[in-house]
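Visitor: Please find one structure pasted underneath; my questions will follow.
The values are calculated or read from the model by the stated rules, or taken from the named source; none is laboratory data. None of the values given here were measured: they were computed from a predicted structure. Here the Cβ is made from the backbone with ideal geometry for all residues, glycine too, and neighbour counts use every protein chain on show.
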Amino acid sequence: MGKLSDKADAWREFRRQFNAMAEEQRNVNKSHWTDWGAWARTKAGKDFKARYVDLATRAGNELGPPESITPLAYWLEAVADDTGGVIWDLCRESASLCSHLLQEALRTSASRPGRDAKPTNKRKSFVLRILKMKGMSIHDWALKSDVDFHTANNYLNDRTNPHPSSRKKLAASLDIEPKKLPT
């Protein structure tokens, strides 16, 4: 449980830091993030963007991005997913995502086999995020990997472990190393 507790502590600390930045931003009420990169600031301080980028990059690393995506982009995509695609207050919504991730970590740590809590499918959550970022479906992924749809789908749903050659193809089409695919 130590590892899960560490995860919960990490998300709790990220949430605290994002909330502190949101409060700082609210007090200034003049800074905002637009167009995923054009930072407009007035009185928030010249280092506000740099501090956000640093914090978001560390949070993105905690999520475990694939090699083909920067931790910052992975974090921003996760925030966008969490908000339904529209981000009005980046710092506050980053803190909200941390709350959701904290709750997930706490739920996972409290779950024991045989209880009603369903275990998380690490394969599916890892791969579907990448597929979404690439604009691909599971079918597209299978085609690009040159494997049968059922090979990809059964892997995602924890039904089978693909043959090493298929695993290599599945990983290559996601632009990641085969060892990065969850087992």
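Visitor: Can you go through 112, 159, 123, 92 and tell me which one is of a type outside the set (S, T, N, Q) and modelled with pLDDT of 90 or more?
Guide: Going through 112, 159, 123, 92 in turn, just one is of a type outside the set (S, T, N, Q) and modelled with pLDDT of 90 or more: 92.
Visitor: Separate question: Failed condition for residue 175, given (1) closer than 21 Å to residue 80 by Cβ; (2) in contact with a helix residue (DSSP H, G or I) (Cβ under 6 Å, 6 or more places away or on another chain); (3) touching a residue at least 40 places away in the same chain (Cβ under 8 Å), with all others met?
Guide: Here residue 175 meets the rest and fails (2).
Visitor: May I ask you to list pairs of residues, at least six apart or on different chains, whose Cβ atoms are under 6 Å apart, with the first in segment 130-155 being within 12 Å of residue 174 (Cα to Cα) and the second being among the charged types (D, E, K, R) and crowded, with 18+ Cβ neighbours inside 10 Å?
Guide: Within 6 Å, the pairs are 133/77; 145/169.
Residue-by-condition table, conditions (1) over 25 Å from residue 71 (Cα atoms); (2) out of contact with any Ser or Thr (no Cβ under 6 Å at 6 or more places or on another chain):
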{"position": "121", "(1), (2)": "no, yes"}
{"position": "127", "(1), (2)": "no, yes"}
{"position": "132", "(1), (2)": "no, yes"}
{"position": "142", "(1), (2)": "yes, yes"}
{"position": "145", "(1), (2)": "no, no"}
{"position": "162", "(1), (2)": "yes, no"}
{"position": "167", "(1), (2)": "no, yes"}
{"position": "174", "(1), (2)": "no, yes"}
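Visitor: Within segment 75-89, track down each residue that is hydrophobic (A, V, I, L, M, F, W, C), at pLDDT below 85 and either surrounded by fewer than 15 Cβ atoms within 10 Å (Cβ to Cβ) or closer than 17 Å to residue 135 by Cβ (or both).
Guide: Residues satisfying the conditions are 86, 88.
Visitor: Just to verify a result, which residue in segment 49-72, among those that are of a type in the set (Gly, Ala, Ser) and in contact (Cβ under 8 Å) with a residue 60 or more places away in the chain, is farthest from residue 123 (Cα to Cα)?
Guide: The qualifying residue farthest from residue 123 (Cα to Cα) is 68.
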